[in-house]
1. Just a yes or no: is a residue in the range 319-334 under 23 Å from the mean Cα position of the chain (by Cα), assigned to a loop (DSSP other than H, G, I, E, B) and either polar (S, T, N, Q) or farther than 22 Å from Gly184 by Cβ (or both)?
2. Take the residues in the range 168-183 that are part of a helix (DSSP H, G or I) and without any contact (Cβ under 8 Å) to a residue 40 or more places away in the chain, then tell me which one is surrounded by the most Cβ atoms within 10 Å (Cβ to Cβ).
3. Residue under question is Pro282, and the condition is that it be within 14 Å of Arg120 (Cα to Cα), crowded, with 23+ Cβ neighbours inside 10 Å and over 13 Å from the mean Cα position of the chain (by Cα); does it hold?
4. Taking the condition small (Gly, Ala, Ser) and surrounded by 15 or more Cβ atoms within 10 Å (Cβ to Cβ), does Gly246 pass?
5. Do you know which of the residues in the range 144-183 that are under 26 Å from the mean Cα position of the chain (by Cα) and among the polar types (S, T, N, Q) is farthest from Ile133 (Cα to Cα)?
6. Could you check the range 87-120 and list, in sequence order, the residues that are modelled with pLDDT of 90 or more and of a type in the set (Val, Ile, Thr)?
7. Of these, Tyr81, Tyr51, which one is touching a helix residue (DSSP H, G or I) at 6+ places or on another chain (Cβ under 9 Å), modelled with pLDDT of 50 or more, surrounded by 13 or more Cβ atoms within 10 Å (Cβ to Cβ) and not in a loop (DSSP other than H, G, I, E, B)?
8. Any residue that is touching a residue at least 40 places away in the same chain (Cβ under 8 Å) and loosely packed, with under 15 Cβ neighbours inside 10 Å - is there at least one of those in the range 212-231?
Amino acid sequence: MSSAVGTTTLPQDQDATGLAAAIPAKAERSLWSNAWREFRRNKMAMVGLAYLTFLALIAIFASVIAPHNPIQTDVRTAGQYRQSAWIEDANPLKTGSWDYPLGTDSIGRDVFSRMVYGTRISLVVGFIPMTLILLFGVPLGLTAGMLGGRVENLLMRFTDIVYAFPALLFFIIMQIAFGDSTVGRLLNGLVLLFITLSVINWTGVARLVRGETLSLKEKEFVEAARASGANSSLIIRKHILPNALGPIIVASAFIVPGAIIAEAVLSFLGIGIRPSTNLDNPFPSSWGQMIQEGYRQWQVQPAMLIAPALAIAGITLAFTFVGDGLRDALDPRQQR
């Protein structure tokens, strides 16, 4: 009987072994693949990402998409405010035409072409200050959180002083004080605007990274790395920074719309991007400038005000949706 039992159990063991070998082990998902899966589940975040991709393509191919040079004037419609293409007017010079989809301004410039080129400034003003802010705020926060003691106290008190200064007031002072300088004239004021938006907005990132560093450096894997002889620089590069990337990425997504709105406000006040008369300028107009020009003429040419206002609202909402999606996707508590 025992031999019979042995002969019957042996094939069952072999079948179980073969079945286990035939079923491939499910690969573990990485943090970033899980984050991308969660991000795709957020419909509004995907809509925001698609819209931002669309705007990026418009900015890259602006010279192909725009039907006219945004600086060039049309003497035939100067002073007439040609209406949008679907609007008719008793004056033939004001009647809309698809040659000028959103009409023209008081000196005959195509509003649609100016909108297309304004996309470049909005994206550049958003991403370059964000990069500068991260390049300054992240190292400062890592240094303060990792070293602690007097170094942390000194760096954080400096951060508090900068944070206490009113941001809008600082922007206005910088633009007025250096607007006519050599730096202020570079790229029609874009370089000065990059510096202005970066000098004071790094404090939030520095505080965030410092808090993440203080939390992470007490974790077991960091203690193990320190016990194995790794120095602070190696621990930051291999352990602290990679694990703090999630909050940093989320913060970056919210920095961009803030910079875009700040540029629009400064341009509306007349101290932002300088008006350009160079036909070959790659950054001839901004949406903030168009709002500043259009709010006076909105009754005779409403597209001059409505179009850039909707564009700024759209890009701000898109970045907000993407930021919310990233925050949920990179939060382990939100993982399903």
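The values are calculated or read from the model by the stated rules, or taken from the named source; none is laboratory data. For clarity, every value in this text was computed on a predicted model and none was experimentally measured. Glycine also receives a Cβ, built like all others from the backbone with ideal geometry; neighbour counts cover every protein chain displayed.
1. There is at least one residue in the range 319-334 that is under 23 Å from the mean Cα position of the chain (by Cα), assigned to a loop (DSSP other than H, G, I, E, B) and either polar (S, T, N, Q) or farther than 22 Å from Gly184 by Cβ (or both).
2. Taking the candidates together, the pick is Met174.
3. No: the conditions fail for Pro282.
4. The answer is yes for Gly246.
5. It comes out as Gln175.
6. Hits for the range 87-120 are Val111, Val116, Thr119.
7. Tyr51
8. No; the residues of the range 212-231 include none that is touching a residue at least 40 places away in the same chain (Cβ under 8 Å) and loosely packed, with under 15 Cβ neighbours inside 10 Å.
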